[in-house]
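Read through the structure below, which is laid out as structure tokens, and then see the notes.
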Amino acid sequence: MQHDPALVAETRAWLTKALQDLAAAVHDLKASPPLTSDTAFHAQQAVEKALKAFLTWHGQGFRKTHNLIELGESCSEIDRTLDPLLRRAAPLTEYAWKFRYPGNPDDPSIEEAEEALATAREVYDALLTRVPDVVGP
């Protein structure tokens, strides 16, 4: 079956950006000392972009948002089997802003950053299996 080249390209672009955020999160975690706030931020961004790739592939519009709950609900409407995973990923929403500015809470622990990264990888992998092979980066 032939897929719309523009749709494939846009979906692939979102997935590529998500993969870059995963790589950045790993890099930040390996820094000395580990940059846990950046790891958490990139984990959130990876999930956000993977969700937007999935929605793009399915022709579902979305507004400019970092809200993983909102994006996850839209994805779950397409594929209900994603719901438990996306509910676990929803708390990562706050990493889009929580540690980005002075005066906010202390950086997340290494364990918290590792957990955020693991969740982001799980979401990325789950969504990647739900788009055709021609789309994956």
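The values are calculated or read from the model by the stated rules, or taken from the named source; none is laboratory data. Computed from a predicted structure; not experimentally measured. Heads up, the Cβs are rebuilt from the backbone with ideal geometry, glycines too, and the neighbour counts pull from every protein chain shown. These area figures cover heavy atoms from the full protein model, side chains too; ligands, DNA and RNA do not enter into them. Shrake-Rupley method; radii C 1.70, N 1.55, O 1.52, S 1.80 Å.
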Report summary line: Residue pairs qualifying under the 8 Å Cβ cut-off, at least six apart or on distinct chains, with the first in the range 106-124 being within 22 Å of P33 (Cβ to Cβ) and the second being part of a loop (DSSP other than H, G, I, E, B), are D107/F99; P108/F99; I110/P34; A113/P34; A116/P108
Requested in this report: Output yes when any residue across the range 41-52 is of a type in the set (D, E, K, R) and farther than 22 Å from R88 by Cα, and no when none is.
Outcome: no
Requested in this report: Considering only residues that are under 16 Å from D125 (Cβ atoms) and β-branched (V, I, T), look in the range 1-23 and name the one that is most open to solvent (accessible area, probe 1.4 Å).
Outcome: T16
Requested in this report: Scan (1) at pLDDT below 95; (2) closer than 16 Å to G72 by Cα for the single condition Q44 breaks and write down its number.
Outcome: (1)
Query raised in the report: Taking Y101 and the conditions (1) within 13 Å of the chain's Cα centre (by Cα); (2) more than 16 Å from D125 (Cα to Cα), which numbered condition does it fall short on, given that it satisfies the others?
Result: (1)
Query raised in the report: What do you reckon, is A90 closer than 17 Å to A23 by Cα and either of a type in the set (G, A, S) or at pLDDT 95 or above (or both)?
Result: no
Query raised in the report: For the range 96-137, how many residues meet the condition of being buried (at least 18 other Cβ atoms within 10 Å of the Cβ), more than 23 Å from T56 (Cα to Cα) and aromatic (F, W, Y)?
Result: 1
Report task. Please specify each residue of the range 75-89 satisfying the condition of being surrounded by fewer than 18 Cβ atoms within 10 Å (Cβ to Cβ) and either under 17 Å from H42 (Cα atoms) or not hydrophobic (A, V, I, L, M, F, W, C) (or both). Result -> S76, E77, D79, R80, T81, D83, P84, R87, R88
Requested in this report: Check whether at least one residue in the range 11-25 is on the phi < 0 side of the Ramachandran plot and not in a helix (DSSP H, G or I), and report yes or no.
Outcome: no
Report summary line: Across the range 37-57, the tally of residues that are open to solvent by 10 Å² or more (accessible area, probe 1.4 Å), under 19 Å from P102 (Cα atoms) and not charged (D, E, K, R) stands at 3
Query raised in the report: Is it the case that R63 is open to solvent by 80 Å² or more (accessible area, probe 1.4 Å), over 12 Å from the mean Cα position of the chain (by Cα) and either modelled with pLDDT of 95 or more or more than 23 Å from T11 (Cα to Cα) (or both)?
Result: no
